[in-house]
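A.B. asks: Have a look at the structure that comes next, please.
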Amino acid sequence: MAVEIVMPRVDMDMISGRMGRWHAAEGAHVEKGATLFEIETDKAAMEVDAPASGVLRFVAASEGDVLPVGACIGWIVADGETFAPPAKAPAPASSPQPSHHSPSRDGRSSERPIGRRGAALPPGTPSPPGRRWRETPDEGARPRATPAARRLARERGLRLESLRGSGPHGRVQRRDIEAPSARARGDENVHRVWLQRGEGAPVVFLHGFGADLNGWRPVHRLLPETQPALAIDLPGHGYSPLGDDASFEALIEAARAALAAEGVGAAHLVGHSLGAAVAAVLAHEPGVRALSLMLIAPAGLGEETNAAFFDGFLQADTEAALAPWLHMLVVDPASLGAALARTTLRQRRERPLVAEQRRLAEAVLAGGRQAFDVRSRLAAPQCPTKIVFGVEDRITPPHHSEGLSGLIALHRFAHVGHMPHLEARREVARLIEELARAGVAA
C-alpha cells in the first residue's frame, strides 16, 4: 500500500518548512526509520525518517522549496506496486520577498549534515489533513530518542543515558551516536554541528550573546557548496551548558576544545558580537591556525554597549515583551523571521538558558560595560581580517572599529543594524567567501 510523504509539523508553532536535501533519489528503495530528507524551520534544521519501506516515487518537492505543513512531497510504494497519486501535489509556497538590505537566498540550499532530527507531534496533537506520518508514543521515564537512535545504540552497545541529545527537549538523534564528537554528559560538553563537511579548512561560526548556532544557517546557505562549515554553540547557549566557570575565558576555551575534538587545526573564523570577540582571541590560541578572520559587529573593541538591551532581553517572558528587544537588533524586523520570539521562549522553557546567560552577562558586562578587551589582539593581524558593522547598530557602537590596524578591511553597511549576517546576508556571504579564498592563498 502506498504511503504519502508530507511536510511534517515538528512543533506546535510550525506553519511551513523549507526542504533540505533528499537522502534518497526517486526510484530508490528506502527502509522505514532511515533518514529520508531534511527540512528547515525558522530556527532549526531536522532530519525526517521514512514512514515506511518501499520505493520512493512521485517526488514533488526540491531542495530549497518552502511548503506548508501537511503538503504532499512524495510517496513510498511497495516493490512492484502499480500506483498513481490521487491528486497533483501542491506547489511549493513562495519564499518571502527580500527587502533591499535583507536579501533572501537564491533558490538553492547548501544545507548538509545537521544535528537535529524531526520530532513527532505530542500525543493528542491533531495531524494535518491527509497526513499519514508516524508518531512516537510517550516513552515515560526512558531517555528521549528517535527509533533510529535506539536501534543504533543497541547495535553499538551504548547507553542512551550517557549521551547528550541534540534534538528538541534533549532527544537523542542518530547523528548524536554516529558523530565522532558524541560524548558523555557533562559541563565540558560543547554542542556543535557540521553544516557542511568536505575537503579543506572549514569556516567556523561563533554566534553572539543570546543566540545559537542556528542563526548562521541563512548566511551559510549562500556559501559555496564545497566549503566545509562548522557551527558551535558557546557555553550557556543552544545545547552547550555553561558550567561552573561563567567567564569570557571559558567561552574561548570551549571553542578551542571543540575545534581540537573535531580535528580542526586550521580554520576561517567567523564570529558575531560576543562570538566575534571569542574569534579574535581564538585566532591566537595554541593549536588554532586562523587562516582568515571575520568579525561581525564585534564586541571587545570598547567598553560602551547597550546594557538596557541585555537586561530587557533576559527579563522578557512573553512574545509581546520579547519582540521589541529583538527588533532592536535590526533595522527591518522581517529579517529575523516571524517565529524567532516564539522559538526563543520555547527554548528558554526547555533549558535553563536565562539563568546561565544572566551569570554570563554578570561576568562579561560588569557594571553595564564590556568587561573584556580584544583590541590588542588586532594590532598586528596575522591573517586576512575583515570587520563588518551595520551603520545603525544599536547594541555595539560602530565607531568602536575606528583606529584599528590599516591591514584590517572595514565594511560598513547602511540601513543595517547589529545583525549584518541576517540583514545583508548575501553581501556578508560574499565577504566570507572572499576572505576564505584570501586566507588559503596567504
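The values are calculated or read from the model by the stated rules, or taken from the named source; none is laboratory data. Just so it is clear, the structure is predicted and the values come from calculations on it, not from any experiment. Here the Cβ is made from the backbone with ideal geometry for all residues, glycine too, and neighbour counts use every protein chain on show. The accessibility values were calculated without ligands, DNA or RNA, using every heavy atom of the protein model including side chains. Shrake-Rupley method; radii C 1.70, N 1.55, O 1.52, S 1.80 Å.
A.B. asks: Within 13 Å, Cβ to Cβ, of Gly302, how many net charges do the neighbouring residues add up to if Lys/Arg are +1 and Asp/Glu are -1?
C.D. replies: -3
A.B. asks: Would you mind listing how long segment 227-268 runs along its three principal axes, going by Cα atoms, in whole Å with the largest first?
C.D. replies: 33, 18, 15
A.B. asks: Show me 31-39, 77-85 ranked by packing, highest mean number of other Cβ atoms within 10 Å first.
C.D. replies: 31-39, 77-85
A.B. asks: Rounded to the nearest 10 Å², what accessible area does Ser247 show when all protein chains are kept and the probe is 1.4 Å?
C.D. replies: 20 Å²
A.B. asks: Quick query: amide H of Gly33 versus all other amide H atoms, modeled in the peptide plane; which residues come in under 5 Å with a sequence gap of 5 or more or a different chain?
C.D. replies: Ala50, Ala52
A.B. asks: When a/c is below 1.5 the answer is rounded, else prolate if a/b is larger than b/c, else oblate, so apply that to segment 314-428 with a ≥ b ≥ c taken from the square roots of the Cα gyration tensor eigenvalues.
C.D. replies: In terms of gyration-tensor shape, oblate.
A.B. asks: For Gly236, enumerate residues with amide H under 5 Å from its amide H, sequence gap 5+ or separate chain, H modeled in the peptide plane.
C.D. replies: Correct list: Leu242.
A.B. asks: Follow-up question, since we're still on this one. Give me, ordered by chain and number, the residues 5 or more places off Leu230 or on other chains with an amide H under 5 Å from its own placed amide H.
C.D. replies: The answer is Leu195, Val203, Val204, Phe205.
A.B. asks: Oh, and also: Relative contact order of segment 356-442, please, whole-number percent, based on alpha carbon pairs below 8 angstrom and at least 6 residues apart.
C.D. replies: 27 percent
A.B. asks: How do the peptides 191-200, 65-74 rank, highest first, by the average count of neighbouring beta carbon atoms within 10 Å per residue?
C.D. replies: 65-74, 191-200
A.B. asks: To continue, here is another question. Nearest 0.05, what FRET efficiency do Glu362 and Glu434 give at R0 = 35 Å with Cβ-Cβ as r?
C.D. replies: After rounding, the FRET efficiency stands at 0.40.
A.B. asks: Explain nothing, just the number: dipole magnitude of segment 357-442 about its Cα centre with +1 on each Lys and Arg Cβ and -1 on each Asp and Glu Cβ, in debye rounded to the nearest 20.
C.D. replies: Computed about the Cα centre, the dipole is about 180 debye.
A.B. asks: Compute the separation of the alpha-carbon centres of segment 49-85 and segment 266-297 and state it in Å as a whole number.
C.D. replies: 43 Å
A.B. asks: Next question, about the same structure. So, how do all the Cα-to-Cα distances of segment 327-381 break down into 10 Å bins, in percent, from 0 on up?
C.D. replies: 18, 26, 38, 16, 1
A.B. asks: Give me a comma-separated list of calculated 3J(HN,Hα) values for segment 231-243, in order, Karplus coefficients 6.51, -1.76, 1.60 applied at θ = phi - 60°, integers in Hz, x for any Gly or Pro.
C.D. replies: For segment 231-243, the Karplus curve yields 10, 10, 8, 5, x, x, 9, x, 10, 9, x, 6, x Hz.
A.B. asks: Could you run the Karplus curve 6.51 cos²θ - 1.76 cosθ + 1.60 with θ = phi - 60° over segment 369-380 and give me ³J(HN,Hα) per residue in whole Hz, x for Gly and Pro?
C.D. replies: Karplus-based 3J(HN,Hα) across segment 369-380 equals 10, 5, 9, 9, 9, 10, 4, 5, 6, 9, 5, 9 Hz.
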